[in-house]
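Novice: Input: one structure, supplied below.
The values are calculated or read from the model by the stated rules, or taken from the named source; none is laboratory data. It should be emphasised that the depicted structure is a prediction, and the values quoted were computed from it without experimental measurement. Every residue, glycine among them, receives a Cβ derived from its backbone with ideal geometry; neighbour counts consider all protein chains shown. To get the accessible areas, we keep the full protein, side chains included, count just its heavy atoms, and leave off ligands, DNA and RNA. Shrake-Rupley method; radii C 1.70, N 1.55, O 1.52, S 1.80 Å.
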Amino acid sequence: AQTQNASLTGKHEVHQVDADATRERLETEMAHRVTAQTEAQTVMTADHILQDKIKQLSAELEVSASQKNDLQVELAGLKERLNSAEHSAELNGQITSAASSQLSQQLSQATEAVAGREAELESAKSE
């Protein structure tokens, strides 16, 4: 009976060692799983942050493109106004030049007429 009892005690101790080793392996595996799960959550959080940043930058890029288009339209309008102003200034210069020439000619004619009239008056006084 003692041999049988010793044999059972030995088997029990072996089973206990196996159970302890299995428990340690399971605890280690659970710790690894918890670590992996924590790392996965960290990666997912970082992914969400990056996705949000990408959306924000995309929106800013769209705003920038829209502003660029608005500025290009405004620039085109300003160029058109400048061309129009230059054309108007050129026309005004031509008109001013023509008017000045015409006034100069009229002044010369009037001066000649006055000189002719003065000559007639002098001539009439002499008589």
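Novice: Calculate the spin-label point distance for residue 58 paired with residue 112, positioning each point 7 Å from the Cα along the beta-carbon direction, and give it in nanometres.
Specialist: Each label point lies 7 Å from its Cα, and together they span 8.3 nm.
Novice: When the Karplus curve 6.51 cos²θ - 1.76 cosθ + 1.60 is applied with θ = phi - 60°, which whole-Hz ³J(HN,Hα) does each residue of segment 86-91 get, with x for Gly and Pro?
Specialist: With coefficients 6.51, -1.76 and 1.60, one gets 5, 5, 4, 5, 5, 5 Hz.
Novice: While we're looking at this one, here's another question. Would you please report the Å³ per residue occupied by the convex hull of the alpha carbon atoms in the chain? Can you show the working numbers first?
Specialist: Values: hull volume 10.7 nm³, N = 127.
Per-residue hull volume (Cα only) is 84 Å³.
Novice: Any idea which of 71, 95, 116 is furthest toward the positive side of the dipole for segment 68-127, if Lys and Arg beta-carbons carry +1 and Asp and Glu beta-carbons -1?
Specialist: Of the candidates, 71 comes out farthest on the positive side.
Novice: Pick from 79, 55, 11: which is most flexible by mean-square fluctuation in a GNM of the chain where alpha carbon atoms under 10 Å apart are linked?
Specialist: Its mean-square fluctuation being the largest, the pick is 11.
Novice: Residue 38 label point, 7 Å along Cα→Cβ, cut-off 15 Å on backbone N: hits in segment 17-31?
Specialist: 28-31
Novice: Send over a whole-number figure in Å² for the accessible area per residue of segment 31-71, probe 1.4 Å.
Specialist: I get 90 Å² per residue for this part.
Novice: Of all accessible surface on segment 1-114 at a 1.4 Å probe, what whole percent is carbon and sulfur? All intermediate terms of the calculation are to be shown ahead of the outcome.
Specialist: Values: 5940 of 10180 Å².
Solvent-exposed carbon and sulfur of segment 1-114 make up 58 percent of the total.
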